[in-house]
Amino acid sequence: MTSRVQRFFLAIAIGLGPTSPVMTFAGIEDGADIYENRIRPVLMDSCYRCHSDSVEEPAGGLRLDSVEHMKQGGDLGPAIVDGDPDESLLFKAICYDGLEMPPSEPLSESVIADFRRWIELGAPCSESSVSQNTESICVEYTEPSMLICHPLSGIGNWPGFFAGLLLPLNE
């Protein structure tokens, strides 16, 4: 009985429980999590080279380094239309429908499905992605039988009540 309780609190403390900023109750990511974990890494790898503040003049006047810039759009208009991937230029481009982005090679079907789902959800992003400042949970091992978990400040709406929490790991 004790080990189950310990594992439950450990799971919550390291971010696998229902209050986690990474996973929701059923283990399904919300839209902001999809953006942080699946969309933004693809944009960084495949798009920022031409469509970010790191270039003097972004291609087509379009920056993809923030959701706000995507909604603002570029020379052809908004890159994303909340809730409607079929009307979103970004989605059309990654599907090679008129535009072909990234130009080097198409994205995988699973990545395209992630973009579709994210745009259908309204293209949400977390507060940390607005400021370009991502933070994570800090986990420290102090002894083989103890674990200290504390979320860093500013992780979505997750309160920092795990700061300094000690959990015995032995059963």
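The values are calculated or read from the model by the stated rules, or taken from the named source; none is laboratory data. Computed from a predicted model, the values in this text were never measured in an experiment. Here Cβ is always computed from backbone atoms with ideal geometry, including for glycine, and neighbour counts include all displayed protein chains.
Can you pull out the residues in region 94-112 that are assigned to a loop (DSSP other than H, G, I, E, B), under 19 Å from the mean Cα position of the chain (by Cα) and loosely packed, with under 12 Cβ neighbours inside 10 Å? Can you show your working first?
Filtering region 94-112 for residues assigned to a loop (DSSP other than H, G, I, E, B) gives 95-108.
Filter once more, so that each one left must be under 19 Å from the mean Cα position of the chain (by Cα): 107-108.
Within region 94-112, just 108 meets the criteria.
When region 103-128 is examined, which residues are found to be farther than 11 Å from residue 42 by Cβ and among the β-branched types (Val, Ile, Thr)?
Here is the first cut: in region 103-128, the ones farther than 11 Å from residue 42 by Cβ are 103-106, 109, 113, 116-117, 119-128.
The answer is 119, and nothing else.
So that you can scan it fast, the table gives a plain yes or no per residue for (1) at pLDDT below 60; (2) buried (at least 18 other Cβ atoms within 10 Å of the Cβ); (3) more than 19 Å from residue 89 (Cβ to Cβ):
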position	(1), (2), (3)
4	no, no, yes
12	yes, no, yes
27	yes, no, yes
32	no, yes, yes
35	no, yes, no
57	no, no, no
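For the subset of region 65-82 comprising residues that are in contact (Cβ under 8 Å) with a residue 40 or more places away in the chain and assigned to a loop (DSSP other than H, G, I, E, B), which member is surrounded by the fewest Cβ atoms within 10 Å (Cβ to Cβ)? Please lay out each step first, then the result.
Just the residues of region 65-82 that are in contact (Cβ under 8 Å) with a residue 40 or more places away in the chain, to begin with: 65-68, 70-71, 80, 82.
From the residues that got through so far, the ones that are assigned to a loop (DSSP other than H, G, I, E, B) too are 65-66, 80, 82.
Details: 65: 19, 66: 18, 80: 24, 82: 16.
Within region 65-82, the match that is surrounded by the fewest Cβ atoms within 10 Å (Cβ to Cβ) is 82.
Evaluation of residue 91 against the conditions (1) touching a Leu at 6+ places or on another chain (Cβ under 8 Å); (2) modelled with pLDDT of 95 or more; (3) among the hydrophobic types (A, V, I, L, M, F, W, C); (4) part of a helix (DSSP H, G or I) shows that the sole unmet condition is (1).
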